[in-house]
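Peer 1: For reference, the structure I am asking about is given below.
The values are calculated or read from the model by the stated rules, or taken from the named source; none is laboratory data. Keep in mind that what you see is a predicted model, and the values were worked out from it rather than measured. With ideal geometry, Cβ positions are generated from the backbone for all residues, glycine too; neighbour counts draw on all protein chains shown.
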Amino acid sequence: MKTIKMKNISRRNAIVLMLGTAGYLMSSKIVFAGKEQVLKRIDEITKGKGAKELDIFLDLPEIAENGNQVKVNFEIESEMTKENYIKNVYILADGNPAPDIAKFSFTPDMGMCSATTRIRLSKTQNVVLVAENNKNEYFMTKSKVKVTIGGCGG
Amino acid sequence: MSKIKPRGKVPKKAAMDEVIEIKTLIRHPMHSGRMKDKDGKNIPRQIINSFKVDFEGKEIFKMKLEPSISTNPYIAFPYKAKKSGTFNFEWKDDSGNTYTMKRKMTVS
């Protein structure tokens, strides 16, 4: 019975059916931020000036077994005086639904420029740190985090 | 849902010019707006979107949080002890609720 029913589907119908399925699969897929969007955000943050790549201490695990709780810690060398201090630090990522993760605003009262938090990473991706000092100069660094779900090392 | 309660760790005593570490944690689900409940319905976005710390009325640290911050946001940051006083911590969420916490520190 089933084979007869299958024969009743014309070629045109089959194509329509296939296109429909493909369309459904594509629309249900999550759209990730991607590298272009991160670059665009860096451009917005730096007001088109661009950020100088610098060796900033950005501590992230190389492999994160659980993407729901990834510890981020950074430390930027700065005098932290009124004349010279790090004003803002942005954390961006290119594999999450949105590029922005967090923005930290520092003051000279803190004595040093560092902070720790926990973030979500939906897949293996680059985490980018952009720092801005009070002279409107921008610095950046990035780190790749491999996210394995279930911890099987894949 | 468990009650939203902020927690913080600030050293009670600090030496002059010592850089102390302040650790905070707030119990909050941080619904990103992309997750579904048991019935397959979308859970609306509900996150802590800002965090602010004052010391004796002067703002010392601020953070803007996005949905990519984990459940129960943990934030740690340094502070250079100059005088005794009170820290005021303030978290704000998407529905406009504010959660506050106070911590005292003595500088010797």
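Peer 1: Being in contact (Cβ under 8 Å) with a residue 12 or more places away in the chain and under 22 Å from A:Lys71 (Cβ atoms) is true for just one of B:Lys62, B:Lys92, B:Lys3, B:Lys82. Which residue is that?
Peer 2: Just a single option satisfies the conditions, and that option is B:Lys62.
Peer 1: Go through the range A:79-110 residue by residue and tally those that are under 23 Å from B:Lys52 (Cβ atoms), of a type in the set (Gly, Ala, Ser) and either buried (at least 19 other Cβ atoms within 10 Å of the Cβ) or touching a helix residue (DSSP H, G or I) at 6+ places or on another chain (Cβ under 8 Å) (or both).
Peer 2: Adding up the residues that qualify gives 1.
Peer 1: Run down A:Glu36, A:Glu44 and say which single residue is at pLDDT below 90, under 17 Å from A:Pro99 (Cα atoms) and part of a helix (DSSP H, G or I).
Peer 2: A:Glu36
Peer 1: Go through the range B:36-75 and report how many residues are more than 10 Å from every other protein chain (Cβ to nearest Cβ) and either within 12 Å of the chain's Cα centre (by Cα) or crowded, with 17+ Cβ neighbours inside 10 Å (or both).
Peer 2: Going through the range B:36-75 one residue at a time, the tally reaches 5.
Peer 1: Quick one: which of A:Ser114, A:Ser78, A:Ser143 is within 12 Å of another protein chain (Cβ to nearest Cβ) and farther than 18 Å from B:Met63 by Cα?
Peer 2: A:Ser78
Peer 1: Another question, if that's okay. With respect to B:Gly33, determine if the residue is surrounded by 13 or more Cβ atoms within 10 Å (Cβ to Cβ) and within 14 Å of chain A (Cβ to nearest Cβ).
Peer 2: yes
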